[in-house]
1. Hey, can you tell me all the residues within region A:192-208 that are among the charged types (D, E, K, R) and either more than 27 Å from A:D167 (Cβ to Cβ) or surrounded by fewer than 24 Cβ atoms within 10 Å (Cβ to Cβ) (or both)?
2. Just checking, which of A:G42, A:G67 is within 10 Å of another protein chain (Cβ to nearest Cβ) and at pLDDT below 95?
3. Restricting to region A:38-74, what's the tally of residues that are open to solvent by less than 10 Å² (accessible area, probe 1.4 Å), under 17 Å from B:K68 (Cβ atoms) and without any contact (Cβ under 8 Å) to a residue 40 or more places away in the chain?
4. Only residues in region B:140-153 that are within 9 Å of B:E129 (Cα to Cα) count as the first member; pair them with residues that are open to solvent by 20 Å² or more (accessible area, probe 1.4 Å) and among the polar types (S, T, N, Q), Cβ under 8 angstrom, at least 6 apart or cross-chain, and list the lot.
5. Confirm whether A:T272 is within 19 Å of A:E100 (Cα to Cα) and part of a loop (DSSP other than H, G, I, E, B).
6. Of all residues in region A:275-303, count the ones that are among the basic types (K, R) and in a helix (DSSP H, G or I).
7. Restricting to region B:101-144, and then to whatever is more than 9 Å from chain A (Cβ to nearest Cβ) and in a strand (DSSP E or B), can you tell me which residue is farthest from the chain's Cα centre (by Cα)?
8. Somewhere in region B:304-326, is a residue hydroxyl-bearing (S, T, Y), modelled with pLDDT of 95 or more and part of a loop (DSSP other than H, G, I, E, B)?
2 protein chains.
Amino acid sequence: MKIENPNPIQWRFSERAAALQSSFIREILKVTQRPEIISFAGGLPSPATFPVERMKAAFDKVLSESGKVALQYGPTDGYTPLREWVAASLSTPTCTIKTEQVIMVSGSQQGLDLLGKVLVDEGSKVLVETPSYLGALQAFSVYRPEFASVATDEHGLVPASLHAVADGARLLYALPNFQNPTGRSLSVERRLELVETCAKLGLPLIEDDPYGSLSYTGAPSPKMLNMNPEGVIYMGSFSKVLTPGIRLGYVVAPAALARRIELAKQATDLHTAQLTQMVVHEVVKDGFLDEHIPTIRKLYGDQCRVMLEAMDEHFPASASWTRPDGGMFIWVTLPKQIDAMKLLDKAIEHKVAFVPGAPFYANAPETNTLRLSFVTVPPERIREGIAILGKLIADML
Amino acid sequence: MKIENPNPIQWRFSERAAALQSSFIREILKVTQRPEIISFAGGLPSPATFPVERMKAAFDKVLSESGKVALQYGPTDGYTPLREWVAASLSTPTCTIKTEQVIMVSGSQQGLDLLGKVLVDEGSKVLVETPSYLGALQAFSVYRPEFASVATDEHGLVPASLHAVADGARLLYALPNFQNPTGRSLSVERRLELVETCAKLGLPLIEDDPYGSLSYTGAPSPKMLNMNPEGVIYMGSFSKVLTPGIRLGYVVAPAALARRIELAKQATDLHTAQLTQMVVHEVVKDGFLDEHIPTIRKLYGDQCRVMLEAMDEHFPASASWTRPDGGMFIWVTLPKQIDAMKLLDKAIEHKVAFVPGAPFYANAPETNTLRLSFVTVPPERIREGIAILGKLIADML
């Protein structure tokens, strides 16, 4: 039963939708997922670290004991015992995080979307690092801000540079631990200076922290949240310490903002799957992460060292790169004349992939930069791929 | 390590966030979840219908056979075999739905949010039924449209009335099967007329269909999607036929729009949990819903009949109400002088709850209306609650 000869619809998209672009990384990933490619392009955690059996047992337990509750609609702010666990895990002797500050979200990306929704109007100034996390630029872009880039040096974001750009800004988005894409971490002194500067400026500071527990030495860094819980919005995720495919993260915000985020989430997707939250609570509540995370650190730390050693051997002296103490990424700065996009074309011909750095800049991209991930590639393939890349770079000089 | 005496942040919310309000229903639900209350206020499906064992077996199977894939990041448009299943289930002999048209979302509410995101600018005209589904009003409101209400009679939306309001409208949102809140369904003739009218007007038509398979007689209604697949955006959900707490639905749209929705979803939450999609595919792929849905129809149909019989007995002749052939709701129109909000206050004193109708109107609320749900209340409690309500209404006359 069809109507005859309908007029074709002239789709009229919203202004924000007309500006939407696919993540460059996700486009590259489509090309580079062929098994013959040595891909340093991924941002995915290694599936070797996924505690599948543990998760399976938890799904079985939760569904057996509380199936009808787990499968019913749930509260928008999240499963209370898990929110309590998050609050406790972020509290310190001098700074108690309250459960009411914690909103569970469907992965950190949703946290970014919700923060954009409640804090950003069209034309609002949004401050980001140089370079910044691409997913955040993408999430905020939907709300059509003006991005202003805050200066960064080899030690990460430079707090003193905020004064020049902060006037009228709605927020500063920062990723202080093993940043995506650079792998850099802020020193304790810089964190304090940054938090103080933001507090003085009345500037909300978003502390995005997906990689904080992936320090190879195991040494934790103090969270900016705990330095000023009324001025810092903290974002955490189970993607890098448990598994990403379940889509579970959290936003910790001062109470007034947390309530707005909750309302925005209600309109956006009602709530995050109750079953997932109950299962993750079951998995983490007795300290499982304390034994599990060190295995991830070891794997990533070993592979990072292999990559750095191979780079020392094969990359020309005119290139420089970060030497991360944790996380998933190394950031490379090539001599100015090399365009990483052109290098990528050649690299893919030689079955190696990476992500060019330009898309990570909100303004004034540095086209001679690139991001390498080592977490899903075995050591011998890391050495092989880096040797090929080193030769291609040398050829271009 | 805390900074000293930080200035308190003066939170500046976005204009859209400043306008956000909590769903009235969710607020009522907080009051009415006490076990002593006979609540007809819920919009939740009955947990008695949740196939917990079946879900548990599927989680076990998927995690055992494909754990590392299920727990890894996945594609934004969804798990392909499930998208294929959805496309096949919506295809008819004369209308093939393509997999590329299907985007999996984290529950229908997210579908509404994404459609608002890609189709609605500030001030855009959005057409809705009178009354309309509250969650849709809430989702679209974030994008700050002007709502225009389309006339409805006892048979649902009146297609001819569109001409008067459609000029410049971005979309029409309609819920043709057992509508929330009224329980009304559109006749086949009206569907055809509606689809033709929208096609003539070049007006995108959203067909939201969470309850379509919950016809008590089992007789399916033709989908407007199949009458004009290039002009209709179809929304489906597993919440009412399987379980809601997993948060899984889908949007079916013409290809150009589907790609925009996919891009918007990428920025919003990357993708819907891969594990959930694989599990639901495992549950539904061999026809489980064909045996399962009839058990839901039977339960809801029986309880609906009990409620209607009790209303015939206890409600005054000056009230009128719908007699649904499916779904979860009965809509009551009281004599004009009765304010359903005041009735609710009295009802709660007598330990009965329902949802007043006013919040379901985008414009000009009819305060003498209310919505009753019968799906989670056992027959004897339905009779008891309706008797109390009938007496309270009579008292107010």
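1. Let us first name the residues in region A:192-208 that are among the charged types (D, E, K, R), namely A:193, A:196, A:200, A:207-208.
Those that are among the charged types (D, E, K, R) and either more than 27 Å from A:D167 (Cβ to Cβ) or surrounded by fewer than 24 Cβ atoms within 10 Å (Cβ to Cβ) (or both): A:E193, A:E196, A:K200.
2. On the way: A:G67 fails: at pLDDT below 95.
Going through A:G42, A:G67 in turn, just one is within 10 Å of another protein chain (Cβ to nearest Cβ) and at pLDDT below 95: A:G42.
3. The qualifying residues number 0.
4. Pairs that qualify, where the first residue is within 9 Å of B:E129 (Cα to Cα) and the partner is open to solvent by 20 Å² or more (accessible area, probe 1.4 Å) and among the polar types (S, T, N, Q), are B:A148/B:N363; B:S149/B:T130; B:S149/B:N363; B:V150/B:T130; B:V150/B:S161; B:A151/B:T130; B:A151/B:S161; B:T152/B:T130.
5. yes
6. Number satisfying all stated conditions: 2.
7. Among those residues, the one meeting the criterion is B:K125.
8. Yes, some residue in region B:304-326 is hydroxyl-bearing (S, T, Y), modelled with pLDDT of 95 or more and part of a loop (DSSP other than H, G, I, E, B).
The values are calculated or read from the model by the stated rules, or taken from the named source; none is laboratory data. Note that the structure is predicted; figures quoted are calculated from it, not measured. Methodologically, a virtual Cβ is constructed for each residue, glycine included, from the backbone with ideal geometry; neighbour enumeration extends over all protein chains shown. When the accessible area is computed, the model is the full protein with side chains, heavy atoms only, and any ligands, DNA or RNA have been set aside. Shrake-Rupley method; radii C 1.70, N 1.55, O 1.52, S 1.80 Å.
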